[in-house]
Amino acid sequence: MNSLYKRQFVVIAGLVVLSFSLLGVVFITLSYQYTIQDKRDTLERNADYIASFTAVMRANYFSIQDPSYQAYVASLARISGTQIVLAENDGVVVFYTDGEGDNIVENNLPTETTRIPQDILTAVGNTGDYSGMSTLGGLFPDVRFVAATPIAISEGTNPVNYQIGIVFVAAETRSFTTLWRAFITIFCATALLVLCITFFVTSFTSLRQIKPLQEMTKVARRFGHGEFDARVTGYEQRKDEIGALAEAFNLMADSLSKAEARRSEFVANISHELKTPMTTIAGFADGILDGTIPPERERQSLETISSETRRLSRLVRRMLDLSRLQAAEGVTAQEQFDVSEVLLRVLVSLEQKITGRNLDVETALPQEPVLVWGDPDAITQVCYNLLDNALKFAAPGSTIGISITTKSGKAYVSVRNNGETIPPHERNLIFDRFHKTDRSRSVDRDGVGLGLYIVKAVLDSHQENITVTSEHGLTEFTFTLTLV
């Protein structure tokens with residue numbers, strides 16, 4: 001029962017069978033009660049009528065053996081399709097007609113011991129009537145519906161009626177049996193037909209739902225084997241949940257494909273970045289060891305080895321920062337801090353580099369603290385990376401500018417420098433990993449191409465934005481923070 005189709009069919013078929021069963025039970029119960037009540041009312045009315053008629057006949061001194069009386073009662077029996085029995089108060093049957101032809105049984109026929117059961121006589125005496133299922137002490141060969149009414153008359157001026165006999169009107173149950181059999185036959189046939197229709201409809205709808213799921217399973221397995229170009233097709237026109245699922249699946253596939261491409265590019269980039277300094281270090285170290293480099297150049301070679309080692313150290317440190325950012329789920333700490341103080345503290349830490357490149361600094365910071373929400377350590381890293389990047393690419397003797405403005409609940413932090421203009425087609429790529437705009441002079445830079453990527457990752461985790469403009473040699477980076 002692992003198949004979705006089987007489970008769905010069993011559930012729907014079970015609901016259909018349960019619904020028809022409940023409907024059948026309710027219908028049979030209601031129809032039985034209605035039919036029984038209707039038959040009981042009819043028999044009771046006939047019994048009352050015959051009892052009243054017999055009482056009038058006896059009051060006028062007519063005997064039940066009178067042929068006209070018997071013929072009349074037999075006609076009533078034939079018209080109503082019932083059997084009429086007259087009995088004495090002690091239960092002895094004195095008249096019986098089965099309503100078929102002119103068959104009239106008198107006195108104690110068909111047997112000399114035919115007598116109404118005492119419990120029926122007691123019920124008539126206590127309640128004044130009787131209705132139920134009985135053979136009337138064997139008078140009938142099978143159980144029949146029976147209604148009984150006493151025959152009561154009064155003599156002379158005496159207002160008190162007294163019972164002189166009992167009238168029984170009976171009807172066969174054969175009509176009810178035939179009705180129920182016909183109903184069960186119709187019910188079973190209808191249920192079977194509906195079950196067959198349910199089978200075909202369920203098969204169609206289930207297959208329509210299961211087919212795209214099976215295709216997605218196959219595509220997912222292909223993804224597991226490295227086929228990142230696999231997609232679910234053929235459901236673009238469907239506007240239901242399956243179409244939405246197929247679209248979401250393809251979007252997920254696109255995202256995974258891009259992630260795999262970025263991973264491959266990252267591995268290639270990191271391999272290239274590691275290969276260059278390691279090759280330089282190994283080359284100079286081997287040259288010193290095997291004597292290829294003369295003693296007078298060993299110091300210069302060792303300085304190159306030291307520089308490349310520090311470059312490897314920076315690359316590893318940036319990679320650790322990047323790994324920490326990618327592993328973190330959102331901002332790890334949200335607290336209030338003064339972004340002006342953070343920016344000035346970073347500026348002081350870079351004083352030696354600023355002096356070494358003979359740069360000036362122009363600040364436009366508010367006199368009051370600019371309190372914002374965020375992770376102070378992470379924003380410090382952002383400010384350091386942006387200022388360090390501005391120092392590296394600033395023209396010697398030019399001016400570095402920093403400013404903070406506030407507007408609409410946001411603080412706008414800007415860092416600008418004067419240098420080479422970033423080409424327009426490069427501006428959307430500068431935040432990518434290992435991307436360097438000044439590739440021709442990247443050897444002279446001590447960066448590894450991860451600084452701006454880390455900046456973007458930190459601000460994304462804060463749900464903030466960063467923009468860059470570069471025109472006529474003036475390049476400016478501006479990022480936002482939420483004010484307190």
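The values are calculated or read from the model by the stated rules, or taken from the named source; none is laboratory data. Worth saying up front: this structure is predicted, and the values here are computed from it rather than measured. Note: ideal-geometry Cβ built from the backbone for every residue, glycine included; neighbour counts use all protein chains shown. Ligands, DNA and RNA are excluded from the accessible area calculation, which covers all protein heavy atoms including side chains. Shrake-Rupley method; radii C 1.70, N 1.55, O 1.52, S 1.80 Å.
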For segment 301-307, in residue order, the Karplus 3J(HN,Hα) values (coefficients 6.51, -1.76, 1.60; θ = phi - 60°; whole Hz; Gly and Pro = x) are 5, 5, 5, 5, 4, 5, 5
Give the long-range amide H neighbours of I293: residues separated by 5 or more places, or on another chain, with amide H under 5 Å away, using H modelled in the peptide plane at 1.01 Å from N.
-> I288
Compare the peptides 379-390, 54-65 by average per-residue count of other Cβ atoms within 10 angstrom and give them in order, highest first.
-> 379-390, 54-65
Rounded to the nearest 0.05, what FRET efficiency is calculated for Y412 and E260 with R0 set to 45 Å and r the Cβ-Cβ distance?
-> 0.80
Normalised by the residues of the chain, what does the relative contact order come to in percent, with Cα pairs under 8 Å and at least six apart?
-> 10
Check G165: other-chain or 5+ apart residues with amide H under 5 Å from its amide H, H built from backbone geometry?
-> I151
Once the in-chain neighbours fewer than 8 apart are removed, the lysines whose Cα is under 29 Å from K353 read K275, K392, K436, K456
Could you give the semi-axes, largest first, of the ellipsoid that matches segment 1-67, computed as the square roots of 5 times the alpha carbon gyration tensor eigenvalues and rounded to whole Å?
-> 60, 8, 4
In whole Hz, what ³J(HN,Hα) sequence does segment 208-218 give by Karplus (6.51, -1.76, 1.60; θ = phi - 60°), x for Gly and Pro?
-> 5, 8, 7, 4, x, 5, 5, 5, 5, 4, 5
Return the ratio Rg/(2.2 N^0.38 Å) for segment 191-231, where Rg is computed over Cα atoms only.
-> 1.81
Estimate the FRET efficiency between S19 and Q463 by the formula 1/(1 + (r/R0)^6), using the beta-carbon distance for r and 60 Å for R0, to the nearest 0.05.
-> 0.70
Average accessible surface area per residue within the chain, 1.4 Å rolling probe, Å² = 59
What translational D, rounded to a whole number of µm²/s, comes out for segment 339-423 from Stokes-Einstein when the hydrodynamic radius is the Kirkwood one over Cα pairs, at 4 °C and 1.567 mPa s?
-> 96
Only one of the values [x] -0.49, -0.77, -1.10; [y] -0.75, -0.94, -1.08; [z] -0.66, -0.88, -1.08 was calculated from this structure for log10 I(q)/I(0) by the Debye sum over Cα atoms at q = 0.08, 0.10, 0.12 Å⁻¹; name its label.
-> [y]
Full extension between L195 and A268 adds, at 0.36 nm per residue less the Cα distance, a length in nm of 20.1 nm
Name the residues whose placed amide hydrogens come within less than 5 Å of the amide hydrogen of R144, ignoring near sequence neighbours (fewer than 5 apart) on the same chain.
-> S134, T135
Convert each backbone phi in segment 460-475 into a coupling constant with the Karplus relation 6.51 cos²θ - 1.76 cosθ + 1.60 (shift: θ = phi - 60°), then list the ³J(HN,Hα) values in order as whole Hz, x for Gly and Pro.
-> 4, 5, 8, 6, 10, 10, 9, 10, 9, 10, 8, 9, 6, x, 9, 10
